[in-house]
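Have a look at the structure below before the remarks.
The values are calculated or read from the model by the stated rules, or taken from the named source; none is laboratory data. Keep in mind that this is a model prediction, so the values were computed, not measured. For neighbour counting, all protein chains shown are included, and Cβ atoms are generated from backbone atoms with ideal geometry for every residue, glycine included.
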Amino acid sequence: MAEPIDRTDTATTFEELPDAPPRRRLRLSWSGKLGVCIVAFWMAIVFIGPSISPYHEADILDEALFIVPGSDNPYPETDYQPPGSVAWLGTDYLGRDTLSRTLFGARMTIGISLASTLLAYLVGVTLGIAAAVGGGMTDSVLSRFNDAILSIPSIMLALVMIAAIGSTIPILIVLTGLIYASSVFRIARSLGLDVKVSDFVEAARVRGEGLWWIVTREILPNVAMPMATDFGLRFVYVILFISSLSFLGLGVQPPQSDWGGMVRENLSGLPYGAIAPLVPALAIATLTIAVNLVVDDVSAHAGGRLAKRMI
Amino acid sequence: MTLLTAMLRRTALGIMTLFIVSVLIFIGTSILPGDVANIILGQMATPDSLAALRAKLGLDEPAHIRYFIWLSDLLSGDLGVSKAGAGAGTVGTPISEMLIPRLANTLQLAGAVAVVAVPFAVTVGLLAAMYPGTKLDRAVTFTTLGLISVPEFLVATLLVLVVAVQLGWLPATAYISGQETGMKLVRALAMPALTLIIVASAQIMRMTRATVLNVMSSPYIEMAILKGVPRRRIILRHALFNTIGPIANVIALNLAYLVSGVVIVETIFAYPGLAKLMIDAVQTRDLPLVQACAMIFCATYVVLIFVADMVSILSNPRLRHPK
Amino acid sequence: MPALLEVDGLTIKAHKDNGGLVPIVKGVSFTIERGEVVALIGESGSGKTTIALSALGYSKPGLAFTGGEVRLEGRDVLSIPPDDKRAMRGRHVAYLAQSAAATFNPALTIGEQVTESPVLHGQMTREESQERAKALYRALELPDPDRLGRRYPHQVSGGQLQRLMAAMALCGKPDLLILDEPTTALDVTTQIEVLKAFKSVIKHEGAAALYVTHDLSVVAQIADRIVVLYAGEVLEHGEADQVINNPSHDYTRRLMAAVRPPPAAGQGDTALADHVRESPAIEVKGVSAGYGRQRDGSAVVKVLRDVNLVVQRGHTVGIIGESGCGKSTLARVMSGLLPATEGEILLDGAPLRPSLRQRNRSELQRIQFVFQMADVALNPRQRIDGILGRPLEFYFGLRGKEKRRRVSALLEMVELPAEFAGRYPEELSGGQKQRVNLARALAASPEVLLCDEVISALDTIVGANIIELLKRLRRQSGVSFVFISHDLSTVASFADDIVVLYAGRVVEQGPTDRVLSPPYHPYTRLLIASVPELRIGWLEETMESRVAQAGLDRIVTMTDTGCPFFDRCSIGVKGLCDQETPPVRHLGGRHAIECHRSEAEFLEGTF
């Protein structure tokens, strides 16, 4: 980290004082650290989940597994079984292992959300920076169009589109990515506008630099940090959105498991005290809260500048 | 810029956005498979009868003509006819007849939520900002962070589990026939309303707190401190005036969400609102109905944001008291 | 009886990220007697504002009082409970901040803010406080005192707002006033009026004051005693007369040496004849420019009108004027950042396209722009070698070893160590950043260097060092400079020619010596008379001689008809000056004044 300036200036006895303290280093609070751990945990599950899971996500557990030794019932119930040695987190409405489905579902939920958020960023940042840099007509057209998209409730938009073109995983990703691109656009544009008028960009223009250099070397590196924070928040929204779609039966289609869908299909067990709908719900909550905890720390470090923009 | 030009400018922008939205909705719904004629005639469709009905409904016109017909009908209050109730060769129920009771239900729910959530959440958000770092503030920050991080369906399910199933205080579903009054109506609305109040309040509280804290870091607040102004007066007199605009925006965004983002809640509680109507319409491919619903949702959003912007413009001393 | 304020061994520390504390005020002690004005003088980072705020028992977030006491009438204000602090603030000690524009709440009326403190503290009723406020407005020579209270902060000018802040502080009849750089952000002609108002009102009210500033000339006008600070420590402490005329500490002497002498004829660096060629380096002919574009091609907001100037090869032209006069716009027009709407710019005799997009790379390379704020002119995400290397690569195709060698040479040229190449801008001090900023422009080997207020954001000593560096570079390189500044002293010590801008027009131009000696354009005379001198009693003399009376409360108008200075002019002719554009009077030797008064009148010195 930046040490206090060692002043190697001219031969004066009284040196220039540094005009600002060295930049503060990002220090996570305990809650931020906890957030990082939880996010890291789920990311690991995305990769190793299926290989450590006791069963396959679609496996309906065999009745034989649930026969209590000494009991004479050869056909025990397999659905909504409470946690036990056979299924650590119990079973779902079809008698599938909740733990396995949650581990498999992590890949689906997090994977789709991450891909959608990345796509939203690719589209949103490209157009947002284009609007900021292009100005004039380009900006007006893109901004008006974006305003219109923003005013269409995202879940309605998804609803109509999925009804029209079906619900496969690639469609889900593209659709969600495009819907969320509009809010990324807004932030990228406003950050871009701030940086665009800064003196160092003017300096590059006076030098005669082309648009490509100005965007990639002068503007983008300076919006990267706030955008990274926003990425976290956006990712949370996308997870919630994808889960909600699945909850409505419009998202990931069975028998593939994803967390939102798991809550929906096991909702009927709730009155009987089954934990099958609660496990995936809890998985969603831990992940999103964890991301938010990290984002909170980072944006507090950035002096709440970002929070301002998001209101 | 004077107050008037600022307001006119904003109005023009709002109208333009609505226009673009109408185009998008028209295009969006046009890609749904099957047209109205097809749906109305269903199994009994013959090429001849299809063509006849299409001509009758104006579906044989090119797309841009159909758009302008639709738009001018819309503007004159004619929302078209639904597939529902349509028989062979006949045209179904007028959409406005189906829409109005549903819209009333949704407005009833949204209104109930707004009346409770807005004053409550703004007050709590303000209090948290007034006493940063206190137990109250930390409780608010932590609870709202949790609430905005979980999906609404989780909040709703947990509420059902606790209030309806465990405690048995309220019904788990909210069937509304339109005849309910008094306590019956309150009971029917309670569960969905409670869910939405929790979700919307969390957002409003968080944003109100952030907005006020942001203003609290400005030099004129420091000046007020150095003049010996008590904290209460700093918030209520010095800070609040400058947060009216941003808070109006926060409220508008969340109210817009109430009308449109209620899909989940209406589904869980089987509440017969507009969102539910639209989901059903999409599933039955009832194009005119989908278009009408979508238009109402978007218009609500645009109008709410417009009102919030007007409030910001009106509360801006630079525009209110020109030089 | 104890002194009014006793600061005793005050230590203040800042929280560091690793949880540690770093001292920023180290055992500072001084006292203020009743009715006395004490100046705290120091450069940025000296802790002067932090010390001043401690008199209110207040510290900025992230700072903590860790030792010593600040006693107000014998009572330590650092350790009293919050309620007592609140009762003391505004009533016994009042604060005036640097920027009135930021410290007035935009949503409340001026009257409410001015009278708030005495009413809240129960000193006066609302009516009494309003009467007192009106009396103060009058004493501070503010216009329309009866209705001023009902206006909002954005409805009055910056100079008025600054005086209104004084009214706000004085309304509760405090025993002690804390003034934190209250005139730094103002133009010189405004500063003198505000200073005068402050001084007379402080004297009249009998309040004691702690005046925080970096500007010795201002201190000389207002302080009874001076405390010199450096890096959180008191270096010298004494009567104003002694500190200014007979400083005992090396640092104070250095500070005094860095203060530029008041502008006068005979200061300019003599021109370097060997670089002079036939055609001027750059020439501006009849240029008009502004912002927003109308259908006929003219600007919506016109900032420059019919500007003509010539920069000879190797010469320096200083452009002087107050904020909003269009001097930065002129630099932007010359660089092509803002295309002129009329007129043309000639580089080495050849016309340039108005917009930089249409200029070719060699034209761009020959004119370089040095931005005002090095803080924001250097990309925080690029290292110094990247910043300096890019122009070398871009214009000359230098790469690898050759480029690195040139970067080292450039750093040496601006007196920075070669190892700075690997640093990011934020790891440098303000002066060092400005040197890098300069080196970047030099990397292009330009013929014309446009310097926009390059030292105005810097401390006195640092700024003086940069001026020395510029003088050396000019001698060595033969580059022509366009040097823009609001500070006449700086321009006078550096420029061969001076161009005086007012409301987008050139009102006077010519060789430095001629511009700084009579005959003057009335505005030039006002400017020269407004530059504070490092001399006790200067303010009184100047106000006495009444050259600097011209309208503080008038807003500079960009008028299409008549002379823009008419409103403030002491020799204006009604019916002529406010109706017709003034002609250019040539007074010989490239000296020209834009005025309706004739050459003869100027040369006779009728006024």
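Could you list all residues from region C:98-116 that are within 21 Å of residue C:181 (Cβ to Cβ) and either among the polar types (S, T, N, Q) or crowded, with 24+ Cβ neighbours inside 10 Å (or both)?
Within region C:98-116, C:98, C:99, C:100, C:103, C:104, C:105, C:113, C:114 qualify.
Going through region C:283-337 one residue at a time, which ones are within 14 Å of chain A (Cβ to nearest Cβ), free of Cβ contacts under 8 Å to residues at least 24 places away in the same chain and touching a Gly at 6+ places or on another chain (Cβ under 8 Å)?
none
Could you run through region C:569-600 and say how many residues are charged (D, E, K, R) and part of a loop (DSSP other than H, G, I, E, B)?
So the count comes out to 5.
Do we find a residue being of a type outside the set (Val, Ile, Thr), more than 11 Å from chain B (Cβ to nearest Cβ) and closer than 27 Å to residue B:312 by Cα anywhere in region C:151-162? Show your work before the answer.
Step one: filter region C:151-162 for residues of a type outside the set (Val, Ile, Thr), giving C:151-155, C:157-162.
Subset that is more than 11 Å from chain B (Cβ to nearest Cβ): C:158-162.
From the residues that got through so far, the ones that are closer than 27 Å to residue B:312 by Cα too are C:158, C:161.
Yes; the residues of region C:151-162 include at least one that is of a type outside the set (Val, Ile, Thr), more than 11 Å from chain B (Cβ to nearest Cβ) and closer than 27 Å to residue B:312 by Cα.
What do you reckon, is residue A:142 within 26 Å of the chain's Cα centre (by Cα), in a helix (DSSP H, G or I), surrounded by fewer than 19 Cβ atoms within 10 Å (Cβ to Cβ) and not β-branched (Val, Ile, Thr)?
Working: within 26 Å of the chain's Cα centre (by Cα): yes; in a helix (DSSP H, G or I): yes; surrounded by fewer than 19 Cβ atoms within 10 Å (Cβ to Cβ): yes; not β-branched (Val, Ile, Thr): yes.
It is true that residue A:142 is within 26 Å of the chain's Cα centre (by Cα), in a helix (DSSP H, G or I), surrounded by fewer than 19 Cβ atoms within 10 Å (Cβ to Cβ) and not β-branched (Val, Ile, Thr).
Go through region C:232-264 residue by residue and tally those that are in a helix (DSSP H, G or I) and surrounded by 15 or more Cβ atoms within 10 Å (Cβ to Cβ). It would help to see each step written out before you state the result.
Taking region C:232-264 as the starting set, the residues that turn out to be in a helix (DSSP H, G or I) are C:240-245, C:250-258.
Restricting the remaining residues to those that are surrounded by 15 or more Cβ atoms within 10 Å (Cβ to Cβ) gives C:240, C:243-244, C:251-252, C:254-256, C:258.
The number of residues fulfilling the criteria is 9.
Output yes when any residue across region A:203-213 is within 14 Å of chain C (Cβ to nearest Cβ), in a loop (DSSP other than H, G, I, E, B), touching a helix residue (DSSP H, G or I) at 6+ places or on another chain (Cβ under 9 Å) and under 29 Å from residue C:425 (Cα atoms), and no when none is. Steps first, answer last, please.
Of region A:203-213, the ones within 14 Å of chain C (Cβ to nearest Cβ) are A:203-213.
Filter again for in a loop (DSSP other than H, G, I, E, B), leaving A:208-210.
If we keep only those that are touching a helix residue (DSSP H, G or I) at 6+ places or on another chain (Cβ under 9 Å) as well, we get A:208-209.
Filter again for under 29 Å from residue C:425 (Cα atoms), leaving A:208-209.
Within region A:203-213 (the criterion being within 14 Å of chain C (Cβ to nearest Cβ), in a loop (DSSP other than H, G, I, E, B), touching a helix residue (DSSP H, G or I) at 6+ places or on another chain (Cβ under 9 Å) and under 29 Å from residue C:425 (Cα atoms)), the answer is yes, since at least one residue qualifies.
Go through region C:55-76 and count every residue that is of a type in the set (A, V, I, L, M, F, W, C) and either under 23 Å from residue B:132 (Cβ atoms) or surrounded by fewer than 17 Cβ atoms within 10 Å (Cβ to Cβ) (or both).
4
Filter region C:277-295 down to residues that are exposed (fewer than 10 other Cβ atoms within 10 Å of the Cβ) and at pLDDT 75 or above, then give me how many there are.
The total comes to 1.
Using the structure shown, decide if residue A:133 is over 29 Å from residue A:43 (Cα atoms), hydrophobic (A, V, I, L, M, F, W, C) and in contact (Cβ under 8 Å) with a residue 12 or more places away in the chain.
So residue A:133 fits the description; yes.
Any residue at all in region C:455-468 that's farther than 19 Å from residue C:256 by Cα, at pLDDT 85 or above and within 14 Å of another protein chain (Cβ to nearest Cβ)?
The answer is no; no qualifying residue exists.
Of the numbered conditions (1) in contact with a strand residue (DSSP E or B) (Cβ under 8 Å, 6 or more places away or on another chain); (2) touching a residue at least 40 places away in the same chain (Cβ under 8 Å), residue C:206 fails exactly one; give the number of that condition.
Condition (1) is where residue C:206 drops out.
With region C:281-350 as the region, which strands (runs of 3 or more DSSP E) entirely inside it contain at least 1 residues that are among the basic types (Lys, Arg)?
C:282-293, C:299-311
For region C:504-519, does any single residue satisfy the condition of being within 30 Å of residue C:299 (Cβ to Cβ), part of a helix (DSSP H, G or I) and modelled with pLDDT of 80 or more? Lay out the reasoning, then the answer.
In the first step, residues of region C:504-519 are kept if they are within 30 Å of residue C:299 (Cβ to Cβ); the result is C:504-510, C:515.
So of that shortlist, the ones also part of a helix (DSSP H, G or I) come out as C:515.
If we keep only those that are modelled with pLDDT of 80 or more too, we end up with C:515.
Checking region C:504-519: at least one residue is within 30 Å of residue C:299 (Cβ to Cβ), part of a helix (DSSP H, G or I) and modelled with pLDDT of 80 or more.
I need the full set of residues from region A:203-215 which are free of Cβ contacts under 8 Å to residues at least 40 places away in the same chain, at negative phi, crowded, with 17+ Cβ neighbours inside 10 Å and not basic (Lys, Arg), in order please.
Passing the criteria: A:203, A:204, A:206, A:209.
Restricting to region C:566-590, give me the number of residues that are more than 30 Å from the chain's Cα centre (by Cα) and touching a residue at least 60 places away in the same chain (Cβ under 8 Å).
Qualifying residue count for the region: 2.
Between residues in region C:425-437 that are facing another protein chain (nearest Cβ under 7 Å) and under 18 Å from residue C:413 (Cβ atoms) and residues that are among the acidic types (Asp, Glu) and crowded, with 23+ Cβ neighbours inside 10 Å, which pairs lie under 6 Å by C-beta distance while being six or more apart or on different chains?
Close Cβ pairs (under 6 Å, with a partner that is among the acidic types (Asp, Glu) and crowded, with 23+ Cβ neighbours inside 10 Å) amount to C:431/A:16.
Would you mind stating whether residue B:249 is in contact with an Asp or Glu (Cβ under 9 Å, 6 or more places away or on another chain), in contact (Cβ under 8 Å) with a residue 12 or more places away in the chain, in a helix (DSSP H, G or I) and within 12 Å of chain A (Cβ to nearest Cβ)? Give the derivation first.
Details: in contact with an Asp or Glu (Cβ under 9 Å, 6 or more places away or on another chain): yes; in contact (Cβ under 8 Å) with a residue 12 or more places away in the chain: yes; in a helix (DSSP H, G or I): yes; within 12 Å of chain A (Cβ to nearest Cβ): yes.
Answer is yes for this residue.
Which ones in region A:17-58 are at pLDDT below 55 and acidic (Asp, Glu)?
Result: A:19, single match.
Look through B:281, B:308 and report the one residue that is under 28 Å from residue B:155 (Cβ atoms), within 10 Å of chain A (Cβ to nearest Cβ), crowded, with 18+ Cβ neighbours inside 10 Å and touching a helix residue (DSSP H, G or I) at 6+ places or on another chain (Cβ under 7 Å).
It is B:281.
So which of B:240, B:194 ends up being of a type outside the set (Asp, Glu) and either within 30 Å of residue B:297 (Cα to Cα) or surrounded by 22 or more Cβ atoms within 10 Å (Cβ to Cβ) (or both)?
B:194
If you check every pair at least six apart or on different chains, which have Cβ atoms under 6 Å apart with a residue in region A:23-41 that is charged (D, E, K, R) first and a residue that is surrounded by 16 or more Cβ atoms within 10 Å (Cβ to Cβ) and modelled with pLDDT of 85 or more second?
Pairs that qualify, where the first residue is charged (D, E, K, R) and the partner is surrounded by 16 or more Cβ atoms within 10 Å (Cβ to Cβ) and modelled with pLDDT of 85 or more: there are none.
Give the residues of region A:216-244 that are under 25 Å from residue C:444 (Cα atoms) and buried (at least 19 other Cβ atoms within 10 Å of the Cβ), sorted by residue number.
If the condition is that a residue be under 25 Å from residue C:444 (Cα atoms) and buried (at least 19 other Cβ atoms within 10 Å of the Cβ), then A:218, A:219, A:222 are the ones that fit.
What are the residues in region B:257-274 that are facing chain A (nearest Cβ under 8 Å), buried (at least 21 other Cβ atoms within 10 Å of the Cβ) and in a helix (DSSP H, G or I), if any?
Across region B:257-274, the qualifying residues are B:260, B:263, B:264.
Take the conditions on the phi < 0 side of the Ramachandran plot and surrounded by fewer than 17 Cβ atoms within 10 Å (Cβ to Cβ) and apply them to residue C:423. Does it pass?
Values: on the phi < 0 side of the Ramachandran plot: yes; surrounded by fewer than 17 Cβ atoms within 10 Å (Cβ to Cβ): no.
So residue C:423 does not fit the description; no.
Given the conditions (1) more than 30 Å from residue A:59 (Cβ to Cβ); (2) crowded, with 22+ Cβ neighbours inside 10 Å; (3) within 14 Å of another protein chain (Cβ to nearest Cβ); (4) polar (S, T, N, Q), which single one is not true for residue A:113?
So the condition that residue A:113 fails would be (1).
If the requirement is being under 30 Å from residue C:372 (Cα atoms) and within 25 Å of the chain's Cα centre (by Cα), which of these qualifies: A:165, A:179, A:187?
Every option except A:187 fails the conditions.
Residue-by-condition table, conditions (1) assigned to a helix (DSSP H, G or I); (2) facing another protein chain (nearest Cβ under 9 Å); (3) at pLDDT below 80:
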site	(1), (2), (3)
A:252	no, no, no
A:256	no, no, yes
A:261	yes, no, no
A:280	yes, no, no
A:291	yes, yes, no
A:306	yes, no, yes
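Name the residues in region B:147-168 that are free of Cβ contacts under 8 Å to residues at least 12 places away in the same chain and either facing another protein chain (nearest Cβ under 10 Å) or of a type in the set (D, E, K, R) (or both), would you?
Scanning region B:147-168 gives B:149, B:150, B:154, B:158, B:161, B:165, B:166.
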